[in-house]
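Structure first, commentary second.
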Number of protein chains: 2
Amino acid sequence: MPKESLREKLLDAGFRVMYGKGYLGAGIRDIAAEANAPLGSFTNHFRSKEDFAVEVLERFFAETKKVVEQALQDTSLSPCARLRRYLDLITNRLESRGFTCGCMIGDFSLESAPHSEKLRARLAGIFAEWRAPFAACIAEAQATGEIGSAFEPEDLAEFLLASWEGAILRMKVERNAAPLERFKAIAFATVFQPPATSHRPTRNRVQ
Amino acid sequence: MPKESLREKLLDAGFRVMYGKGYLGAGIRDIAAEANAPLGSFTNHFRSKEDFAVEVLERFFAETKKVVEQALQDTSLSPCARLRRYLDLITNRLESRGFTCGCMIGDFSLESAPHSEKLRARLAGIFAEWRAPFAACIAEAQATGEIGSAFEPEDLAEFLLASWEGAILRMKVERNAAPLERFKAIAFATVFQPPATSHRPTRNRVQ
DNA sequence: TGACACAATACGTACGAACGTATTAGTTAA
DNA sequence: TTAACTAATACGTTCGTACGTATTGTGTCA
């Protein structure tokens, strides 16, 4: 084998730079410099910036999945508490960066979905994959009555993750935890609560 | 007065181009070309792209405020129905663009908040101004019992707008109305509903 | 009334930097 | 020796911005 590859270092650096400055905002040279790698190594390992970004996004998602696992598979907590735990863990991570960075998945959704069909398609897949364990957890909560069964678990999971992205978006402008805490307080006091009345209608179907 | 100014045409074009391609994605030349204006006119009228973007954002917000007014001041509807009407009006607008464009305020929040302190500060102000009429409407709904009073109207308004931004974000990736309809269905069946039980605790305070 | 200075704007062009990408020579280790 | 990779440089384009000049309407004064 030849010299030790800089591929991993480039992806790590790309993760940091793109997380902070977005897809368009992060230049190839910024990334190479952050990785202490020459520009040629980038060309050697990646066909294009777009392909590179897909791999970086994959990395971010892999990290996110770890957090999901950590929170949602903690069977010492009730299903609902597990959901909350996930949001708390993410909150801690966002705080550690001073609330300046949000979620790369959300960032890419807004910024690169119009530019790159490749990224958009992958993002759609990521959302589906992301949602699954949450839907499972919500289904469990519905089975125990901890959450109302008025909506499908998949719809509630989508709602949770999408709205959470919205809270993160607000956080980025406000630069503090208030939008996150507000979301958690309201969501877990309303949507993710036992059914209020006993005469709930049959399960709603989101059209 | 000299020749007819191209300032307005440039702002209109900037609105269209930046709405579609984002702040970084939209080049000065794209905008000038869209306005059928020479590049020099841009320089003549605007100190910088950043300053230009603030004015474009102002334009978008002015349009948004019109929709807010149209929906929230329709006293033929109940307060809660007015909130829903706003979301429906926005849904129609998003549909007319094929769900490819979202909300410029949200887009700029993610994309330009890290780059431009000027834009970030204005965005924070815009959100506060945007929230006010919703908070008033929610307060009215709480007074009539149409919505529970467990949370402050301002917090609920923030929650509504932030989560709605999250739904729009998802819409941009999915390219259809499902995330929007899902949000409306769930939100108005849970958060924006009368208090479920009669023994609600005293009003929660979001920390 | 008419010449003229003025301000505001249009307009074409140019600058320097940064962009993403490509090329080529050199280095390393199996 | 050869494949994999580093390393440096170069290419063509586009970026945001700046400058110099032309053009146009307006107010002023002889």
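Tabulated data for the structure shown
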| quantity | calculated |
| --- | --- |
| Kirkwood-type radius of the range A:1-46, with distances r between different C-alpha atoms, in Å | 10.5 Å |
| Solvent exposure ordering (accessible area, 1.4 Å, most first) of B:43, A:100 | B:43, A:100 |
| Average silhouette area of the range B:128-174, convex hull of alpha-carbon atoms, in square nanometres | 3.6 nm² |
| Exposure ranking of B:5, B:109 by accessible area [1.4 Å probe, largest first] | B:5, B:109 |
| Alpha-carbon Debye profile of the range A:1-106, log10 I(q)/I(0) at 0.18 Å⁻¹ | -0.87 |
| Those GluC sites (Glu not before Pro) in the range A:1-81 that DSSP places in a loop and that have at most 14 other beta carbons within 10 Å | A:4 |
| Directionally averaged projected area (convex hull, Cα atoms, the protein assembly as shown), nm² | 23.7 nm² |
| Spherically averaged projected area of the range A:58-135 from its Cα convex hull (nm²) | 5.4 nm² |
| Debye intensity ratio I(q)/I(0), log10, the range B:57-189, q values 0.13, 0.16, 0.19, 0.20 Å⁻¹ (C-alpha model) | -0.55, -0.83, -1.16, -1.27 |
| For chain B, accessible area per residue (1.4 Å probe, heavy atoms of protein chains only), Å² | 43 Å² |
| The range A:1-46: relative contact order as a whole-number percent, Cα under 8 Å and 6+ apart | 43 percent |
| Length-normalised contact order of the range B:57-189 in % [C-alpha pairs under 8 Å, at least 6 apart] | 28 percent |
| Over chain B: helical MRE at 222 nm, DSSP H runs n ≥ 4 each giving -39500 (n - 2.57), nearest 500 | -23000 deg cm²/dmol |
| Sparse-neighbour loop sites [GluC sites (Glu not before Pro); the range A:115-191; at most 11 other C-beta within 10 Å; DSSP] | none |
| Computed label-point distance, nm, for sites residue A:95 and residue B:51 using a 7 Å Cα→Cβ extension | 4.1 nm |
| DSSP-loop trypsin sites (Lys or Arg not before Pro) across the range A:1-49, with at most 11 other Cβ within 10 angstrom | A:3, A:47 |
| Pairwise centroid distance, computed over Cα atoms, of the range A:129-192 with the range B:100-115, Å | 22 Å |
| Whichever aspartates and glutamates have a C-alpha closer than 19 Å to that of residue A:9, once near sequence neighbours (fewer than 8 apart) are set aside | A:30, A:34, A:50, A:51, A:55, A:58, A:63 |
| Kyte-Doolittle at least -1.0, axis length at least 30 Å by Cα - qualifying DSSP helices, chain A | A:49-72, A:117-143, A:153-174 |
| Options A:167, A:148, A:190, ranked by Cα towards positive dipole end of the range A:139-192, top entry (Cβ charges) | A:167 |
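The values are calculated or read from the model by the stated rules, or taken from the named source; none is laboratory data. Bear in mind that the values here come from a model prediction, so they are computed numbers and not experimental data. Please note: Cβ atoms are built from the backbone with ideal geometry, for glycine as well, and neighbour counts cover all protein chains shown. Accessible surface areas use protein heavy atoms only, side chains included; no ligands, DNA or RNA. Shrake-Rupley method; radii C 1.70, N 1.55, O 1.52, S 1.80 Å.
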